[in-house]
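One structure is given here, and the rest of the page talks about it.
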Amino acid sequence: MTQSDFPGWHGTTIIGVKKDGKVVIAGDGQVSLGQTVIKGSARKVRRLAPGGFEVLAGFAGSTADAFTLLERLEAKLEATPGQLARASVELAKDWRTDKYLQKLEAMLIVTDGRDLLVITGAGDVLEPEHGIAAIGSGGNFALAAARAMMDSDKTAETIARDAMAIAADICVYTNGNLTVETIDA
């Protein structure tokens with residue numbers, strides 16, 4: 001199935017901001033189907049702790065697909081403790097080459113406090129410039145807003161929250177009901 005099979009399905013907005021020894025991932029809570037808001041309080045940012053190694057993850061796209069990917073990421077992290085980049089590359093390789101996983105439609109932003117990465121089904125593991133990553137339907141709005149604030153005195157959490165508020169004002173598929181998780185670098 002492709003996005004065209006569900007032309008009315010739209011994602012979410014997830015942002016990751018890394019600044020001054022903190023990394024924050026924030027996500028909105030809106031789930032939309034067409035022009036209808038199905039749920040306004042979904043939790044799309046999770047704290048994972050495979051083997052005691054703490055990782056934050058935010059997802060955009062199909063919820064079931066994202067949970068499948070999060071489970072796979074946890075397994076990769078258990079196999080390579082403390083190596084988020086390596087586990088992410090292994091997940092991306094599987095996602096790209098496995099016939100079952102290729103059909104999954106989601107994107108992830110993950111961080112262990114050191115690395116801030118975007119993982120895609122195209123086999124990409126991207127470390128964004130400027131310490132900001134954003135995905136989902138309102139991702140570009142949140143990204144632009146956060147980049148404009150990075151040189152200010154605002155904290156990573158304040159930048160993430162303010163950027164999400166701006167995205168929610170612009171993108172009809174993003175609301176202001178946030179889940180925000182923070183991890184030390």
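The values are calculated or read from the model by the stated rules, or taken from the named source; none is laboratory data. Here the structure is a predicted model, which is why all the values come from computation and not from measurement. All Cβ positions, glycine included, derive from the backbone under ideal geometry; neighbour counts span all protein chains shown.
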>> Just to verify a result, which residue in the stretch 122-165, among those that are among the polar types (S, T, N, Q) and assigned to a loop (DSSP other than H, G, I, E, B), is farthest from LEU33 (Cα to Cα)?
In response: SER152
> Going by the structure shown, is LYS93 basic (Lys, Arg), part of a helix (DSSP H, G or I) and without any contact (Cβ under 8 Å) to a residue 60 or more places away in the chain?
Replying inline: yes
>> Can you list residue pairs whose Cβ atoms sit under 7 Å apart, with the first residue in the stretch 11-39 being touching a residue at least 24 places away in the same chain (Cβ under 8 Å) and at negative phi and the second being part of a strand (DSSP E or B) and basic (Lys, Arg)? Count only pairs 6 or more apart in sequence or on different chains.
In response: VAL31/LYS39
> For GLY121, all conditions in the list (1) at pLDDT 95 or above; (2) touching a Leu at 6+ places or on another chain (Cβ under 7 Å); (3) at negative phi; (4) not basic (Lys, Arg) hold save one; what is the number of the exception?
Replying inline: (1)
>> Out of everything in the stretch 36-46 that is assigned to a loop (DSSP other than H, G, I, E, B) and among the charged types (D, E, K, R), what residue ends up being nearest to the chain's Cα centre (by Cα)?
In response: LYS44
> Counting just the residues of the stretch 12-35 that are closer than 15 Å to SER137 by Cβ and more than 11 Å from the chain's Cα centre (by Cα), which one comes out surrounded by the most Cβ atoms within 10 Å (Cβ to Cβ)?
Replying inline: GLN30
> Among the residues of the stretch 115-137, how many are over 12 Å from GLY16 (Cα atoms) and either more than 12 Å from the chain's Cα centre (by Cα) or surrounded by fewer than 24 Cβ atoms within 10 Å (Cβ to Cβ) (or both)?
Replying inline: 8
> Which one is farthest from LEU91 (Cα to Cα) among residues in the stretch 47-78 that are over 15 Å from the mean Cα position of the chain (by Cα), surrounded by 14 or more Cβ atoms within 10 Å (Cβ to Cβ) and modelled with pLDDT under 90?
Replying inline: PHE53
>> Anything in the stretch 167-182 that is hydrophobic (A, V, I, L, M, F, W, C), part of a helix (DSSP H, G or I) and surrounded by fewer than 20 Cβ atoms within 10 Å (Cβ to Cβ)? List them, or say none.
In response: ILE170
>> Any residue at all in the stretch 1-13 that's charged (D, E, K, R) and either closer than 21 Å to ALA145 by Cβ or assigned to a helix (DSSP H, G or I) (or both)?
In response: yes
